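To keep things clear, I will list the structure first and then write my remarks on it.
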Amino acid sequence: METEATNTGAARGGRGARERILRAAGELFYARGIHATGVAALMEAAHVSPRTFYVHFPTKNALVEEYLHRFEKETPLLAETELERTDLTPVQRLLAIFAPIDGGPAAVIRGCPFHNAVVDSAGELPEIAHLAQRHKQVFRDRLVATAAEAGAADPESLGRQLAVLYEGANALAASCDDPEAFADARHAAETLLGLALNATAPR
């Protein structure tokens, strides 16, 4: 087992190396982008040697896949956790997904990691695109199911429209570094919900 020391005294390799690599990927991929983050930067941030890195992740692409899988298995995105809340009504859950990400005044909005990965890969990583598409479809399906719980006249249409609003707000907020896009999207979502629910009300 490798235990060679870095200049800062941090252990290289050894137990916890995989977790340090994934933690470094979570920070650097999201903040800098996947293509802009080289393996050398990942190894330095994780305090691991090349040998240790490639033992855990034979390719950088393998690390990218695991980085994205973590958002499904361990650290789901805020909008997804809002849809699972049991203390809110279905309508409240649908509106809660538009809460802006608040990382403090100095934080830069980066948007959805799945969207970013697809754009960053520029069509060169089909397996990443497939993973993102599957994730987005699961999210849309959850919106449709919640719209049905809310009593929408056409939950399929409403769920898909809310997905477009959410994805658009995420992309615009990231492009302009402006969380106001989420507030605008929420207002639009309230209008859509009002129309969808009024259509089912007895006349």
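The values are calculated or read from the model by the stated rules, or taken from the named source; none is laboratory data. Treat the numbers as computed from the prediction; the structure is a model and nothing was measured. Here Cβ is always computed from backbone atoms with ideal geometry, including for glycine, and neighbour counts include all displayed protein chains.
Just to check your reading of the model, which residue among ALA188, ALA147, ALA169 is under 21 Å from PHE114 (Cβ atoms), surrounded by 14 or more Cβ atoms within 10 Å (Cβ to Cβ) and assigned by TED's automatic domain parsing to the domain that holds ARG110?
Testing whether each residue is under 21 Å from PHE114 (Cβ atoms), surrounded by 14 or more Cβ atoms within 10 Å (Cβ to Cβ) and assigned by TED's automatic domain parsing to the domain that holds ARG110 leaves just ALA169.
Read through the list (1) modelled with pLDDT of 90 or more; (2) part of a helix (DSSP H, G or I); (3) surrounded by fewer than 20 Cβ atoms within 10 Å (Cβ to Cβ), then give the number of the only condition that VAL119 fails.
Only one criterion is unmet by VAL119, namely (1).
Out of ARG93, ARG140, ARG85, which single residue is outside any helix (DSSP H, G or I) and either out of contact with any Pro (no Cβ under 9 Å at 6 or more places or on another chain) or surrounded by fewer than 14 Cβ atoms within 10 Å (Cβ to Cβ) (or both)?
Only one candidate passes the filter, namely ARG85.
Given (1) outside any loop (DSSP other than H, G, I, E, B); (2) modelled with pLDDT under 90, identify the lone condition not met by THR75.
Checking THR75 against (1) outside any loop (DSSP other than H, G, I, E, B); (2) modelled with pLDDT under 90, the one that fails is (1).
Among the residues of the stretch 50-68 satisfying the criterion of being among the hydrophobic types (A, V, I, L, M, F, W, C) and surrounded by 14 or more Cβ atoms within 10 Å (Cβ to Cβ), which is farthest from ILE34 (Cα to Cα)?
Residues of the stretch 50-68 among the hydrophobic types (A, V, I, L, M, F, W, C): 53, 55, 57, 62-64, 68.
Remaining after also requiring surrounded by 14 or more Cβ atoms within 10 Å (Cβ to Cβ): 53, 55, 57, 63-64, 68.
Numbers: PHE53: 16, VAL55: 20, PHE57: 15, LEU63: 10, VAL64: 8, LEU68: 11 Å.
Applying the filter and picking the extreme gives VAL55.
Report yes if some residue within the stretch 180-195 is of a type in the set (A, V, I, L, M, F, W, C) and under 23 Å from ALA31 (Cα atoms); otherwise report no.
Within the stretch 180-195, one or more residues are of a type in the set (A, V, I, L, M, F, W, C) and under 23 Å from ALA31 (Cα atoms).
May I ask you to list the residues in the stretch 147-169 that are in a helix (DSSP H, G or I), of a type in the set (A, V, I, L, M, F, W, C) and in contact (Cβ under 8 Å) with a residue 24 or more places away in the chain? So that I can check it myself, show each step before the final result.
Here is the first cut: in the stretch 147-169, the ones in a helix (DSSP H, G or I) are 147-150, 155-169.
From the residues that got through so far, the ones that are of a type in the set (A, V, I, L, M, F, W, C) too are 147-148, 150, 158, 162-165, 169.
Result: ALA147, ALA150, LEU158, LEU162, ALA163, LEU165, ALA169.
For the stretch 39-84, give me each residue that is in contact with a helix residue (DSSP H, G or I) (Cβ under 6 Å, 6 or more places away or on another chain), outside the structural domain of ILE21 (by TED's automatic domain parsing) and without any contact (Cβ under 8 Å) to a residue 24 or more places away in the chain.
GLU82
Can you name every residue in the stretch 157-190 that is under 15 Å from ARG140 (Cβ atoms) and of a type in the set (Phe, Trp, Tyr)?
Hit for the stretch 157-190 is TYR166, nothing else.
Pull out all pairs, ordered by first then second residue, where Cβ-Cβ is under 8 Å, the residues are six or more apart or on different chains, the first lies in the stretch 176-192 and is on the phi > 0 side of the Ramachandran plot, and the second is surrounded by fewer than 14 Cβ atoms within 10 Å (Cβ to Cβ) and outside any helix (DSSP H, G or I).
ASP177/VAL108
Go over the candidates ALA153, ALA174 one by one and state the one that is surrounded by 14 or more Cβ atoms within 10 Å (Cβ to Cβ) and either in contact with a Cys (Cβ under 6 Å, 6 or more places away or on another chain) or farther than 22 Å from GLU80 by Cβ (or both).
Working: ALA174 fails: either in contact with a Cys (Cβ under 6 Å, 6 or more places away or on another chain) or farther than 22 Å from GLU80 by Cβ (or both).
Checking each option against the conditions leaves just ALA153.
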